[in-house]
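Provided herewith is a single structure, encoded as structure tokens, for subsequent inquiry.
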Amino acid sequence: MSEYGIWILVLAVGYTVALIIAGQLAKRKITKKGSYFVAGRNFNKWIVAFCITGLFSGSTYISILELSYLSGISAIWYGVAEMVQIFIIAFLIIRPFRKKMLVTISGLIGEKFGRTALGLSGAITAFAFPMWSVATAIAFASAIHVFTGISLTLSVAITAILLFVYLQGGGMWSIAFTQTINFFLFIAMFIVGLIAFFIHPGIDGLRTYASAAPAMFDWDSVGLQVIVAWFGTFLVNVILAQAAFQMALSAKSPEEGQKGMILAGGMAIPFIVCGVLFGISAAIAVPNAQTGLIAIPEYLMEVLPAPLVGIFFLGVWACALGWGAPCQFSGATSLGRDTARAIHPQAKEAQLIKYTKISLLLLTVLMIGFGMLRTEQSAWWNVLAWTMRNSATFAPVIAALFWPVVTKNAVVASLFTGFSSGLLWYHLGGWQPDQFFANIHPVWIGSSVNVITIIAVTLLDKNANWVIQKNTRFGHIGFALAVVLTVINIIFFDDLYRNGLTGLFGFAAIMCFFIATIQFCKPILESQPSLEKKVANE
């Protein structure tokens, strides 16, 4: 084992031991109902900001490191898409969800549509989260692999086990402590990375590289379809970002949660800029590495002494924890709290906490299993998880919030068809990160099938009580837009297909039709006042 490996392992293990102790101390905060899952709703705006920064920006930073090594500055759009998501959640989502005292998205679906929907949505949501966790764990595991010779698979396993151990303690309070400490490690990581950049390649090195490899400095070098998929995935994720909701809604008030989200959106900027800068620097120094995440430690080893490299990768470990810990915990909450309630509806709070801890163990095993299947391209794991979870739960959440006529059968059917169609489309495309079957990203297929299913089954279900309401401006606008987008997709099919935009325009048309259907098909009770008024006038 090299000197670099010793420094990284000592710092990471020492830091994690400190977090485990903090997790045990966090148990003291669990003094009342809800303390384990939402910290008793006692977070202030800074704790929310640190939590959201660690969650979104830590993961984005790791993905951008890899993407910028492969594709250059176009990786910045991944970070921009993340920022857009954060601000939309802050301004549009936090207040109404806080009023509902939301804990999980699967819980929202279950409360509205029954035990079967609760159990199924909880399980699908839970099994997606280890994919997100492994995406960031791969970054730290790559450093361990380079510096110690330990296999990537074993390195991911070590990361997963460490996450499991410290999350067992104080639940959401453990995450709050960790994310706050992680923030200061992020700053140290950026400082070390900037030192490495100015040593090599520096500003002049970037200019020289831009002349030699101009494609790396094209804003769309990663491909328009991939960029659109990033934005589309993040936008669809706005109402499904369960881990973010669970942390932001742990705030003392909706206003405090909103302020924390806004702060986190601003804090994302250095993660995006530094991620691109360090990734391109690694591409200059180590042009033929196996993966981008392996190139980063090899690059730093060339220009920095072991202690500084250790500090940098302690920051990467903090990124892995900042994303992986909330993901594992939120996934375990869906499985242990929601799916368990569907199976055992009489379970008390203490029992649900016990089930959640058991679920953490199960998700840890799944995380290790995913690491064995594919230990490269961490951004691919992120998008696969979004496709799987969002394709199942998108339409049911919209229905729970805005369409009271939806039936339980429709929700269960849409959960199953959306989930399975998204995965089937990935399979037909060979599970590739940037080449898709029929040049359509699986997230558009899964989400479209999800929406179509919930509309069709609801309208055909004899248990649905709805009536057509013709006088609705938004309904007519939605229907008109659906027709326009469909016509555009047909007329410009070749151009849209070539640029990978067919799926996006198709999904947009279906969403407009969904909006129109929600407006036109109202619950019978909602239409009664207008009917009574009509009768009175007659």
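The values are calculated or read from the model by the stated rules, or taken from the named source; none is laboratory data. No experiment lies behind these values; they were computed from the predicted model shown. Because the Cβ atoms are built from the backbone with ideal geometry, glycine has one as well, and the counts that use them run over all protein chains shown. Side chains included, ligands, DNA and RNA excluded: accessible areas come from the protein's heavy atoms. Shrake-Rupley method; radii C 1.70, N 1.55, O 1.52, S 1.80 Å.
Could you run the Karplus curve 6.51 cos²θ - 1.76 cosθ + 1.60 with θ = phi - 60° over region 174-190 and give me ³J(HN,Hα) per residue in whole Hz, x for Gly and Pro?
4, 5, 4, 4, 5, 5, 5, 5, 4, 4, 6, 5, 4, 4, 4, 4, 5
How far is it, in nm, from the label point at residue 10 to the one at residue 269 when both lie 7 Å from their Cα along the line to the Cβ?
3.8 nm
Could you sort out which of 45/348; 112/252; 45/522; 112/348; 259/348 sit more than 27 Å apart by Cα distance in this structure? Let's see the in-between values first.
Details: 45/348 31 Å; 112/252 25 Å; 45/522 39 Å; 112/348 20 Å; 259/348 33 Å.
Going by Cα-Cα distance, 45/348; 45/522; 259/348 fall outside the 27 Å limit.
While we're here: Could you give the length gained on full extension between residue 361 and residue 428, defined as 0.36 nm per residue of separation minus the Cα-Cα distance, in nm?
20.9 nm
Efficiency by 1/(1 + (r/R0)^6): what FRET value for residue 401 and residue 344, r their Cβ-Cβ distance, R0 = 30 Å, to the nearest 0.05?
Details: r = 27 Å, r/R0 = 0.91.
That gives a FRET efficiency of 0.65.
List the residues whose amide H sits under 5 Å from the amide H of residue 251, counting only those 5 or more places along or on another chain, with H placed 1.01 Å from N in the peptide plane.
43
Take the Cα of residue 524, step 7 Å along the line toward its Cβ, and report every residue of region 452-469 whose backbone nitrogen sits under 16 Å from that point.
459-469
Using amide H atoms built 1.01 Å from N in the peptide plane, name the residues 5+ places from residue 467, or on other chains, whose amide H lies under 5 Å from its own.
Here the answer is 522, 524, since their amide H atoms fall under 5 Å of that of residue 467.
Moving on. Filter the trypsin sites (Lys or Arg not before Pro) in region 427-510 to those in DSSP coil with at most 12 other Cβ atoms within 10 Å of their Cβ, and list the result.
Taking region 427-510 and a limit of 12 other Cβ atoms within 10 Å, the loop trypsin sites (Lys or Arg not before Pro) found are 462, 470.
What is the distance, in nm, between label points placed 7 Å from the Cα along the Cα-to-Cβ direction at residue 480 and at residue 435?
Here the answer is 4.4 nm between the modelled labels.
Something else: Answer rounded, prolate or oblate for region 52-170, using the Cα gyration tensor with square roots of eigenvalues a ≥ b ≥ c: rounded when a/c is under 1.5, else prolate when a/b is larger than b/c, else oblate.
In terms of gyration-tensor shape, oblate.
When the Kirkwood hydrodynamic radius is evaluated over all pairs of different C-alpha atoms of the chain, what value in angstrom, to one decimal, is obtained?
23.9 Å
Relative contact order (percent) for the chain, with alpha-carbon contacts under 8 angstrom and 6 or more residues of separation?
Value for the chain: 25 percent.
Summing -39500 (n - 2.57) over the DSSP H runs of n ≥ 4 in the chain and dividing by its residue number, what mean residue ellipticity at 222 nm do you reach, to the nearest 500 deg cm²/dmol?
-25500 deg cm²/dmol
List, in order, the whole-Hz ³J(HN,Hα) value for each residue of region 355-372 obtained from phi through the Karplus relation with A = 6.51, B = -1.76, C = 1.60 and θ = phi - 60°; use x for Gly and Pro.
Once θ is set to phi - 60°, the couplings for region 355-372 become 4, 5, 5, 5, 5, 4, 5, 4, 5, 5, 4, 5, 4, 5, x, 5, x, 6 Hz.
Ok, one more. Could you sort 387-400, 266-279 so that the peptide with the highest average Cβ count within 10 Å comes first and the rest follow in order?
387-400, 266-279
Stretch residue 290-residue 187 to full length: gain in nm at 0.36 nm per residue minus the Cα-Cα span? Let's see the in-between values first.
Working: separation 103, 0.36 × 103 = 37.08 nm, distance 2.79 nm.
Net length gain for the segment: 34.3 nm.
Here's a follow-up. Could you tally the net charge around residue 309, taking each other residue with its Cβ under 12 Å from the Cβ of residue 309, Lys/Arg +1 and Asp/Glu -1? All intermediate terms of the calculation are to be shown ahead of the outcome.
Details: positive: none; negative: 3, 298, 302.
Charge balance near residue 309 sits at -3.
Please compute, for the alpha-carbon atoms of region 46-117, the extent along each of the three principal axes and give them in descending order in Å.
Principal extents (largest minus smallest coordinate, Cα): 47, 31, 19 Å.
Let me ask something additional. What's the carbon and sulfur percent of the chain's accessible surface, probe 1.4 angstrom, rounded to a whole number?
Working: 14070 of 20740 Å².
Carbon with sulfur: 68 percent of the solvent-accessible area.
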